[in-house]
Each structure stands twice: as structure tokens, then as C-alpha cells.
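Novice: Next up is a structure, given as C-alpha cells.
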Protein chains: 2
Amino acid sequence: MVIAVDASGGEYAPHEIVKGAIKAAQDYKVEIALVGRKDILNILAGRHLGKLGISIIDARQNISFDEHPVEAVQKKTDSSIVVGINLVRDGLASAFVSAGSTGAVFYAALASLGKIEGIERPAIGTIININSLTTPVLLIDSGANADCRPQHLVQFAQLGTTYIRELFGLESPRVGLLSNGEEETKGNRLTCESHQLLKKTSLNFIGNVEGHDIIKGSADVFVTDGFTGNIVLKTIEGMSTHWLYSLGQMRQIFSKAYRLPSQALHRDMGMDGWTKRLDYREYGGACLLGVNGNIIIAHGRSQTRAIINAIVLAQQTAERNISKKIQEEKYEQTSTDR
Amino acid sequence: MVIAVDASGGEYAPHEIVKGAIKAAQDYKVEIALVGRKDILNILAGRHLGKLGISIIDARQNISFDEHPVEAVQKKTDSSIVVGINLVRDGLASAFVSAGSTGAVFYAALASLGKIEGIERPAIGTIININSLTTPVLLIDSGANADCRPQHLVQFAQLGTTYIRELFGLESPRVGLLSNGEEETKGNRLTCESHQLLKKTSLNFIGNVEGHDIIKGSADVFVTDGFTGNIVLKTIEGMSTHWLYSLGQMRQIFSKAYRLPSQALHRDMGMDGWTKRLDYREYGGACLLGVNGNIIIAHGRSQTRAIINAIVLAQQTAERNISKKIQEEKYEQTSTDR
């Protein structure tokens, strides 16, 4: 089972990506195909080739964050994103991981792999794992579809349920509809209508949930449109980053007051666990659900640790063959106009 | 200048409300009219009557959080919310503070005070003050209007600008439109259209901002619809509550490891500043902007400290007579259909 990794995508590419890939190959025995400029990758990963199960696939072009996703994908057929996703299409890789342009990955996956039959809108499901007292939760859609209709939200709920059930072995994941109040009458037009549709499905729909429920883990799958989901995700990231900064400040103040070395403090206060969970670079990745293939989107600012996590998530996703599981699901029809 | 305070509204009413009101009268010389059941308030605040500038206004009824706001306001004409807002209408109070049902306060204010001429949708502006390195920011609308049209968002931007300018003395507050990407093409239909309208105003519109910009303070006024705003606000609350919990845990672990008293630790680590900023009960309140009167909405779980802050915010709002300032603004027309 080969995991293709976009070595050219992300703010810290190629160095941090290659480091992460090598570490994932070493520590988790993942077979990896690095996709990017062969000349550069030979220098960076050359001595690991072969023996670690790392190979290189040449892709001369790179799609940057500020390019228009659709145009870039159409024009740059030799980009790491297009080449990597084609490896999945052609059965040469079981999953593809990229920290590059989310839009480009999304459109390339749509164009090359196609939507799974019956799925109207593939969506991004992001795993949030900040609270150590609860199991991780899934936020879907966290950015692919800014404008949605109720039946899209129902499909997100179905996609999320399948993913979380297979990934974490939860038999019947709790599905919550993100809204501005718990009562079923609360919400905007989209969520009020979605609520009524969700009630009719056989999903474990627990009703509306609110913003604070995400960190509390009150549901396993948090369903929302991609506009709201993206803003919520970035709010959480911003809070986490600020919190990390504050922890650092606190440690410094304390280290001075008690004349203790900062490192020991970090260890003794159990800060490691917290900082790891707070650092978005640590908490892995997101899965593009609803296309014919397993695609993992890592944070654009991913460094070694985050890339390792994303590769491990890709392997888990591929081992459970999530995209096949979704193909096999007979998603219930919730609207008559489909 | 009298500030009317809803003594019956909120989860910790009446005790915490009365305690907060007495403290605000003592420490900030605020003249307060407690609105609620006279018999109970006489017992709780009786010995402070007169000398502290505290008076009692009898209101026999109470609107609970689970009542339908519109029906409750229409039926319960002797409720603390209706009576308190009527004090503002009749010029007997300069502002009204309530930790009760937001919906009920909203509808009572609409019914009793009315919308300011030219304002289509009054909105809730919430001050977020978690990051000590930046000035506080305003999130508007943070819950009043779940479904909005572009011109509503433009008015929210205008209302927020007036409020922040007057409250903090900022000459030209930076207005950011909350979206799922910085580029002006990013967003849902609502934000894309709103972006174009906002560009044409004379506001200090800095473009789209993202979720993480709130904690960074990248704008002074964050404009969004009430659905998204409410979810974002509650996500921040949830993160803050979790963070507070984690700080407590960390203190315990460390206190054990170094055999230091927990209280000293709290002080020495400068935790006070952080915990204060993280505790939503501490960071005051929100202002209902766009009605003919100054209305402050406190968090439903407000305790003494939060009530003091909300009363102080009410006094500042009344001193600057924000609702009058909004009446005087000649808001630019942004759409032809109005």
C-alpha cells in the first residue's frame, strides 16, 4: 500500500514534507511515493530511497496558494497535485496527502477521480482533537462548499458518519447540526430545513448543537456548510495559537519567579500534552470525502509532525478504504428533487 | 443617570445580579434601578437602598429562557424585561441591562423602543476582549438575525463602527467582513455581495477577514450574519472554558510537583490576567444596536463580576448616548431597493 505525498505543496515544502515522510516511513512503516521535482527530492531523500520504502515520482510543476485553483489544475498537468492524484486514479497509490492549495486539491480530485455516484457535493471533514478528555470529533464541511442546500448537509452527515464509524470504530456516531441554538426551531433557513430532513434519516441525529459543543465533544460529527465550518475551524486555530503563546509566556514568568529551568517546567507541568493538542500542526489533517479515492488535506503550514500525522491518517483512511465504503453505502434519498 | 438592571433575568438571578449591582454602585458610583420582585429585592438590597443610589422598581413577572420570546413579551407586561425597557422608553433610565432571554430582550426592545429610522435590522454587537495584546474587538451580528441580506451586513458594519468609535475613541475603526478566505472572491453568496457593497461605503473597510483574525485583533469590527456570529462566539466561549479548566489542571499538577501552594502559583504565574480574560463571565456584555435606547445584553450565566462589567458597559454606552449617535448618523444607502 503506497501513500503518495505532495512534496511541493505547503509553506514548508519540500524540506518539512520530506522530513515528515521519512519519519513516517521509519516509525510507521508506511510505503511512500514522494511527488515533486526529482532532482531536488533525490538530494533531500536520496539516501533513504529503496531501503525505507520511499520512492520518487517526478512532477516538475508546482501550484501555489495564490493561483486560481481551477485554472492552475487545468494548466499545470505536471504539477505535484495533479500527478499525485492521478496516481490514486490509476491505482498506483492508495491515498494522496497534500499540504498545498486546498482548492487545487479539491478541483484536481473532482476532475481526475470524479464524485462518487449519488454524492452531489464532496466535502472536507476535519478531525479536531484538542480536548484530551473526549474522543476526536469531525467537522464537515470545513471549507469546500460555501453555499449549500439542505440535502447537501444531509449528505455531509452521511459522509461524516461513514468516516468516523470506519476510522474510530464507533458503531453509531452522534451527528449534530451546528446552529445558533439547541431548539430545532433555532437556526437559519438552511439549518431549519436540514434539521427536518436529518430527522427522517436513520442516522444517529442528536439535533442542533452549538459552537461550544465542538470542544466539549457533545457530538461525533458536526455538520455545517463549508462557509461556517471554515470560519469555525480557523477560530479554533486562532484560539489555539494564542493559547500556545500564552502558555509560553506563563512558563517564562514562572521560570523566572521560581528560578527553574524552562524545559523542566514544561515537562513537570504536563505542558507537552496540551501544547501538542493545541498546535494545529500536530492534529493531522482533513479528508476529502465523496470522491473516488482517498485524499488527505494537511494544513498549509504543516511541518514535520503534522505531515507524519497526515500520512498516518492517510494510511488509516486507505486501510479502511473509506472511499470504497462510501461507494457501497446506499445513501437515503432525502429530497424529491434529486 | 440611572441604569435599569433586570434583577430577575439570568441563571444566577436574583442573588448574583443584586450583588453585582451593589458592587457597581459602590465601586463605580452608578445609579441603579433594580427591576424585579420588590419583596425579594427589598430583602436582598434593602440596606443599600437610598444611600448607594440604588432604587427598586417592582416587576412581578419573569420571562424564562425556554419561553417563546415574542409570546412571552406580549403576555407578560409586568415582567422585569418589559418593565425595564419601558423605563428606557419613558426616559426614566438611560440604559437597561439584562442577563435574561436574549430573544425576549430583543423583541421587547423592538416593540417598546422601536427601530431607529433607517435601520432595517437591529443587531447584537459583542465585545471580545480575550487577547491582552490587542484592543477589544466587536463581533456584529452575534445572534439577532440568522438570515441576512447584503445590505443588512453593511448596516451592521455602520452600527459597529459608530459603537466602537464612540466607545473606544477610535477615529476610524477597521471593519472586516468575516469570510472563509481573505481574497474578495472568497465567501458565500451573502459575503461576496456584501463585500462589493462595503467597498462603496466610506467605512474603513479592510476586506475579508478569517476566523483566526478575531483573536489576533486584525480588525476592530468583525461583520457577519447572526447565525455565523453566534456559532463563532460560542466556539470562542467553549475554547475559553476548556482553557480555564486546563489552566486549573496544570496548576494542580505543578503545585504537587514543586510542593507549592496553588494560590501562590496562580499569582506568580500571572494567571489572574489570563483567567479573567478567558472567563466569559468577566468580559462584560453585548449591546443591542439599532433600537431607540441603550440596551446591554449580559451572558445568561453572568455572575457578580460579569454583571458589574455589563453595568459599567451600560453606563459608558449611556454616557456616550450611543443610540442617539446612531440616530444622528446619516447611513449611506447601499442598495437601490431600499
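Readers should treat all values here as calculations from the given coordinates under stated rules, not as data from a laboratory. Here the structure is a predicted model, which means the values were calculated and not measured. No Cβ is skipped: glycine too gets one built from the backbone with ideal geometry, and neighbour counts run over all protein chains shown.
Novice: Determine the equivalent ellipsoid of the range A:78-202 by diagonalising the alpha-carbon gyration tensor, then write out the semi-axes as square roots of 5 times the eigenvalues, largest first, rounded to whole Å. Don't skip to the end; give the middle numbers.
Specialist: Values: eigenvalues 166, 62, 39 Å².
Equivalent-ellipsoid dimensions as semi-axes: 29, 18, 14 Å.
Novice: Also: Identify all aspartates and glutamates with a Cα-Cα distance to A:K51 below 15 Å; exclude those on the same chain that are fewer than 8 residues away in sequence.
Specialist: A:D27, A:E31
Novice: Next question. Which Rg and Dmax, in Å, describe the Cα atoms of the range A:59-119?
Specialist: Gyration radius and largest Cα-Cα distance of the range A:59-119: 11.0, 35 Å.
Novice: Ranked highest first by the average count of other Cβ atoms within 10 Å around their residues, in what order do A:35-47, A:168-180, A:297-309 fall? It would help to have the intermediate numbers written out before the result.
Specialist: Numbers: A:35-47: 18.5, A:168-180: 20.0, A:297-309: 23.3.
Descending mean neighbour count gives A:297-309, A:168-180, A:35-47.
Novice: Let me ask something else about it. Can you give the local net charge around A:I214? Use residues other than it whose beta-carbon is closer than 12 angstrom to its beta-carbon, Lys and Arg +1, Asp and Glu -1. Before the final figure, lay out each step's value.
Specialist: On the way: positive: A:K216, B:K234; negative: A:E210, A:D213, A:D220, B:E237.
That works out to -2.
Novice: When the Karplus curve 6.51 cos²θ - 1.76 cosθ + 1.60 is applied with θ = phi - 60°, which whole-Hz ³J(HN,Hα) does each residue of the range B:174-179 get, with x for Gly and Pro?
Specialist: So the J values, rounded to whole Hz, are 6, 9, x, 9, 5, 8.
Novice: Among the complete DSSP H segments of chain B, which ones combine at least 18 Å of alpha-carbon extent along their axis with a mean Kyte-Doolittle hydropathy of 0.0 or more?
Specialist: Values: long enough: B:15-28 (19 Å, -0.33); B:150-168 (27 Å, 0.06); B:226-257 (46 Å, 0.08); B:304-319 (22 Å, 0.55).
Qualifying helices, which must be both long enough and hydrophobic enough, are B:150-168, B:226-257, B:304-319.
Novice: What does the C-alpha gyration tensor say about the overall shape of the range A:138-226? Classify as rounded when a/c is under 1.5, otherwise prolate if a/b is larger than b/c, or oblate.
Specialist: Taking the square roots of the gyration eigenvalues as a ≥ b ≥ c, the range A:138-226 is rounded.
Novice: In nm, what is the difference between 0.36 nm times the number of residues separating A:R189 and A:Y28 and their Cα-Cα distance? Walk me through the numbers before you get to the answer.
Specialist: Working: separation 161, 0.36 × 161 = 57.96 nm, distance 4.60 nm.
Full extension from A:R189 to A:Y28 adds 53.4 nm.
Novice: While we're here: Measure up B:K29/B:K325; A:K115/A:K324; A:K29/A:K234; B:K115/B:K199; B:K200/B:K330 against 21 Å on the Cα-Cα distance and list the ones that go over.
Specialist: Working: B:K29/B:K325 24 Å; A:K115/A:K324 12 Å; A:K29/A:K234 32 Å; B:K115/B:K199 26 Å; B:K200/B:K330 15 Å.
Distance filter (> 21 Å) returns B:K29/B:K325; A:K29/A:K234; B:K115/B:K199.
Novice: How many Cβ atoms of partner chains, on average, are near each residue of B:243-256 if near means within 10 Å of its Cβ? List each step's numbers first, then the result.
Specialist: On the way: counts 10, 0, 2, 12, 5, 0, 6, 8, 1, 2, 4, 7, 1, 1.
Across B:243-256, the average partner-chain Cβ count within 10 Å equals 4.
Novice: So if R0 is 35 Å, what FRET efficiency would A:L244 and A:K199 give, r being the distance between their Cβ atoms, rounded to the nearest 0.05? The partial results should precede the final answer.
Specialist: Values: r = 40 Å, r/R0 = 1.14.
That pair, A:L244 with A:K199, gives E of 0.30.
Novice: With a Förster radius of 22 Å, plug the Cβ-Cβ distance of B:S64 and B:E120 into 1/(1 + (r/R0)^6) and report the FRET value to the nearest 0.05.
Specialist: Working: r = 30 Å, r/R0 = 1.35.
Computed FRET efficiency for B:S64 and B:E120 comes out at 0.15.
Novice: What does the helix-only formula give at 222 nm for chain A: each DSSP H stretch with n ≥ 4 adding -39500 (n - 2.57), the total divided by the residues, and the result rounded to the nearest 500 deg cm²/dmol?
Specialist: Values: 13 runs with 157 residues, N = 338.
The helix contribution divided over chain A gives -14500 deg cm²/dmol.
Novice: Starting from 0.36 nm per residue, how many nanometres of slack lie between B:E328 and B:T77 once their C-alpha separation is accounted for?
Specialist: Details: separation 251, 0.36 × 251 = 90.36 nm, distance 3.07 nm.
Result: 87.3 nm gained on full extension.
Novice: While we're on this one: Just the Cα atoms of the range B:1-85: what Rg and Dmax do they give in Å?
Specialist: In order Rg, Dmax, the Cα atoms of the range B:1-85 give 12.7, 39 Å.
Novice: Now a separate question. Students often forget the sequence filter, so: which aspartates and glutamates lie under 18 Å Cα-Cα from A:K76 once same-chain residues fewer than 8 apart are removed?
Specialist: A:D6, A:D58, A:D66, A:E67
Novice: Right, another one. Provide Rg and Dmax in Å for the range B:179-259, with only Cα atoms included in the calculation.
Specialist: 18.5, 62
Novice: Let me ask something else about it. Which residues' amide hydrogens lie under 5 Å from the amide hydrogen of B:G285, considering only partners 5 or more residues apart or on another chain, with H built in the peptide plane?
Specialist: For B:G285, the qualifying residues are B:I127.
Novice: Using alpha carbons only, what's the Rg to Rh ratio of the protein assembly as shown with Rh from Kirkwood? Each step should come with its number before you reach the end.
Specialist: Working: Rg = 26.8 Å, Rh = 26.6 Å.
Ratio of gyration radius to Kirkwood radius for the protein assembly as shown: 1.01.
Novice: Can you check what the net charge comes to around A:I56, using other residues whose Cβ is under 12 Å from the Cβ of A:I56 (Lys, Arg +1; Asp, Glu -1)? Can you show the working numbers first?
Specialist: Numbers: positive: A:R37, A:K38; negative: A:D39, A:D58.
Within the 12 Å Cβ shell, the charges total 0.
Novice: Please give the net charge around A:A72, taking every other residue with its beta carbon less than 13 angstrom from that of A:A72, where Lys and Arg add +1 and Asp and Glu add -1. Write down the numbers at each step before the final one.
Specialist: Numbers: positive: A:K75, A:K76; negative: A:D66, A:E67, A:E71, A:D78.
My count for the surroundings of A:A72 gives -2.
Novice: With a 10 Å radius around each residue's Cβ, average the other Cβ atoms per peptide and rank A:224-230, A:252-258, highest first.
Specialist: A:224-230, A:252-258
Novice: Please identify every one of the chymotrypsin sites (Phe, Trp or Tyr not before Pro) in the range B:11-109 that sits in a loop by DSSP and has no more than 16 other beta carbons within 10 Å of its own beta carbon. If you can, show how the numbers build up before the last one.
Specialist: Values: sites: B:Y12, B:Y28, B:F65, B:F96, B:F106, B:Y107; in loops: B:Y12, B:F65.
Sites meeting the loop and neighbour criteria: B:F65.
Novice: Once R0 is set to 30 Å, what does the formula 1/(1 + (r/R0)^6) return for the Cβ-Cβ distance between A:T134 and A:L49, expressed as a FRET efficiency to the nearest 0.05? It would help to have the intermediate numbers written out before the result.
Specialist: On the way: r = 41 Å, r/R0 = 1.37.
E(calc), rounded to 0.05, equals 0.15.
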